[in-house]
Amino acid sequence: MDLKLFLLGSLAISAPAYAQDAPIAHDSEFYILQAQNKDAWEQDDTAVDQALAAFRDENGGNPPNIISILVDDIGFGDMGIPELNAVRGISTPNINDFSDEAMRMVRMYTEPSCTPTRVAQTTGRLPVRIGMGDTTVDIAGFGLPGEEVTLAEVLKAEGYATSHVGKWHMGDIAESWAMNQGFDYAQHAVHQQGQLTIFNDDAIREQVSVGIADFVDDYTIDDWFRPDASAMATVIEGNAGGPVREIRMEPGERWNAAKYDEMNQAFQDKTLSELERLAGGTEPFFLQYWPMIPLDNTRAGRDGPESVNGGLYADKLQELDTYLGEIFTRMDELGVADNTIVVLMGDNGHFTKYSPASGFTPMVFRGGKGDTTEGGVRVDAFIRWPGLIEPDSMINNIIHVSDLYTTLARFGGAVQHIPRDRLIDGVDQSASILFQDESKGRRDHVIIYSVSTPKAVVKDKLKLNLPGPGQNAIIADFFDVMRDTHEKYPVSTEVGAWGGQEFVRILGRHMARKELFPDTGPATGMPYEGIENLRPETQQAVEAFMVKRSAAQQ
């Protein structure tokens with residue numbers, strides 16, 4: 001029998017079920033676990049329902065508020081462990097105190113870089129499914145499709161007030177922006193730190209970036225080859241259905257380190273004011289604060305906390321610790337700490353290309369941002385919910401960032417709004433989290449992609465690094481990630497003899513499932529369209545981009 005037909009038949013699902021009252025459609029491995037644990041899962045679901053109902057009874061009939069804090073490029077071991085802070089030479093007392101009040105999700109997997117992780121958390125889907133597995137820096141003309149149903153939209157359908165502040169990084173076209181993706185209000189950067197701290201004017205002078213404006217241009221013919229960070233749109237603000245404006249930038253103004261510092265402080269101030277506004281309302285709220293520090297690549301105008309470490313990123317993590325302390329204190333003052341879920345985590349491993357000057361290098365796992373080794377996709381991750389989640393606890397079962405989509409929807413009583421007409425990769429981990437029981441997890445594997453190519457498969461404690469095209473599968477490396485956190489010592493002979501085909505079948509089922517739920521592409525359009533006060537230099541940058549995009553069709 002053809003392998004694809006065999007795999008499709010083995011899924012026991014002949015076609016997607018689109019009725020909204022149908023079960024959520026998941027990837028193939030979910031059904032293998034479900035077949036073995038169905039009765040236990042049903043009992044767990046009943047217990048979760050009872051716990052959530054009891055919380056609502058004590059909370060005036062309302063579900064919990066939810067705050068998501070997603071920190072950029074912070075690997076495993078730098079948040080929440082004072083001893084490892086000391087090893088690193090930094091101090092993060094507020095985050096450490098928070099970790100004592102929260103559960104550490106020890107085995108949280110993300111995607112290898114910023115955009116795909118944010119897509120996975122926002123949509124509950126692997127970013128490859130919508131062509132969003134890569135990270136862009138400058139004008140790109142694509143982004144998160146409006147057809148995606150975001151966590152904000154799911155919660156909003158259940159009556160939540162929604163707000164987003166900080167980084168976004170899921171597109172530079174209007175339909176991709178947060179205020180058009182389920183948030184009642186949003187203030188966020190259009191792009192990311194590549195524009196804002198790596199190739200701005202001060203970074204060029206300090207040679208953080210080389211070859212942009214630090215040379216004699218006698219031989220330059222193509223004036224559009226090098227991006228101008230100051231010409232690109234920076235931070236936008238708007239309400240759902242309302243006008244969108246760029247803020248804190250005037251025509252002709254140059255972006256620099258001082259503007260970056262101003263932006264980060266403004267995001268912090270706006271988060272505090274949004275927290276106060278939302279806490280004063282009658283609706284449960286979903287607030288996302290995705291800060292852009294600790295990334296900070298210039299020493300121009302540097303101020304704030306300094307550490308024994310002395311690295312730019314490490315010192316800025318201490319500043320972020322101060323910021324988060326202010327938020328946690330304000331929650332206490334507003335009386336919302338006890339009825340609010342807070343998720344604090346990194347989005348991928350360290351930006352190791354800037355080591356050691358950044359102050360960060362891989363500590364526990366090998367690799368960093370962009371890598372498919374554990375150091376690229378394993379991060380610090382905490383969830384706090386007083387009275388429901390055991391404080392100062394941990395679970396060590398596999399959780400993927402997409403699971404937050406489904407799990408937070410369950411906590412918010414909004415699962416019925418998750419779409420059934422597409423595959424949802426995120427699985428509900430509420431029983432494992434609420435009852436601090438690793439055996440109640442609903443995931444035991446992760447397929448790790450690099451952009452659009454699967455590079456590794458993790459199954460319980462074993463990991464297979466997939467061979468490249470044209471390479472014999474017999475040379476593939478297996479690792480025991482519990483024994484070998486740096487993936488240096490393959491156990492390929494010991495595992496491959498019995499496990500090789502099993503791992504191949506996992507990937508085969510995953511690919512076969514795509515026959516039922518095919519990957520699509522991102523939305524495309526005119527960059528920055530819809531920003532009503534677009535600066536003249538930005539309009540010129542867009543015109544240049546459109547000429548370059550059309551060159552392929554000449």
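Along the charge dipole of region 353-452, which of Val401, Gly387, Gln436 sits closest to the positive end, that is, farthest toward it, with unit charges on the beta carbon of Lys, Arg, Asp and Glu (+1, +1, -1, -1)?
Comparing the listed Cα positions along the dipole, Val401 ranks first.
Between Thr453 and Glu438, what length in nm is gained on full extension when 0.36 nm per residue of separation is reduced by their alpha carbon distance?
2.4 nm
To the nearest 0.05, what FRET efficiency results for Lys353 and Met511 with a Förster distance of 35 Å applied to their C-beta separation?
It comes to 0.65.
Going Cα to Cα from Lys459, which lysines come in below 19 Å? Please leave out same-chain ones fewer than 8 positions away.
Cα-Cα hits under 19 Å: Lys440, Lys488.
Once you mark the chymotrypsin sites (Phe, Trp or Tyr not before Pro) that are in a DSSP loop and have at most 13 other Cβ atoms within 10 Å, what is the longest gap between them in the chain?
226-554
Given a Förster distance of 41 Å, report the FRET efficiency between Gln416 and Glu502 from their Cβ-Cβ distance, rounded to the nearest 0.05.
0.70
Helix hunt in the chain: which complete DSSP H runs extend at least 18 Å axially by C-alpha with mean Kyte-Doolittle at least -1.0?
Helix filter hits for the chain: 28-58, 257-279, 312-334, 492-516, 536-550.
Compute the accessible area per residue over region 129-206, keeping the other protein chains in place, probe 1.4 Å, unit Å².
Using a 1.4 Å probe on heavy atoms only, each residue of region 129-206 averages 22 Å².
Per the 1.4 Å probe, what fraction of the accessible area of the chain, in percent, lies on carbon and sulfur atoms?
The value for the chain is 52 percent carbon and sulfur by accessible area.
Summing -39500 (n - 2.57) over the DSSP H runs of n ≥ 4 in the chain and dividing by its residue number, what mean residue ellipticity at 222 nm do you reach, to the nearest 500 deg cm²/dmol?
Value at 222 nm, helices only: -10500 deg cm²/dmol.
Please work out which option in [x] 67, 60, 49; [y] 73, 52, 48; [z] 92, 69, 44 gives Cα extents along the principal axes in Å calculated from these coordinates, and answer with its label.
[x]
Note down the relative contact order for the chain as a percent, whole number, built from C-alpha pairs under 8 angstrom at least six residues apart.
Relative contact order, the chain: 26 percent.
Taking 0.36 nm per intervening residue step and subtracting the Cα-Cα distance, what contour gain separates Glu250 from Arg226 on full extension?
Full extension from Glu250 to Arg226 adds 6.5 nm.
Run the simple label-point estimate for Arg299 and Gln539 please: 7 Å along Cα→C-beta, distance reported in nm.
4.2
Test of understanding: given the chain, find the longest segment containing no GluC sites (Glu not before Pro) that are in a DSSP loop and have at most 16 other Cβ atoms within 10 Å.
It works out to 307-528.
Does region 346-399 come out rounded, prolate or oblate by the C-alpha gyration tensor, with a ≥ b ≥ c the root eigenvalues, rounded set by a/c under 1.5 and, if not, prolate when a/b is larger than b/c and oblate if not?
It comes out prolate by the Cα gyration axes.
Would you mind getting me the FRET efficiency between Val308 and Ser393? Use the beta-carbon distance for r and R0 = 25 Å, nearest 0.05.
0.25
The values are calculated or read from the model by the stated rules, or taken from the named source; none is laboratory data. Since this is a predicted model, take the numbers as computed values, not measurements. Neighbour counts run over all protein chains shown; Cβ positions are idealised from the backbone, glycine included. To get the accessible areas, we keep the full protein, side chains included, count just its heavy atoms, and leave off ligands, DNA and RNA. Shrake-Rupley method; radii C 1.70, N 1.55, O 1.52, S 1.80 Å.
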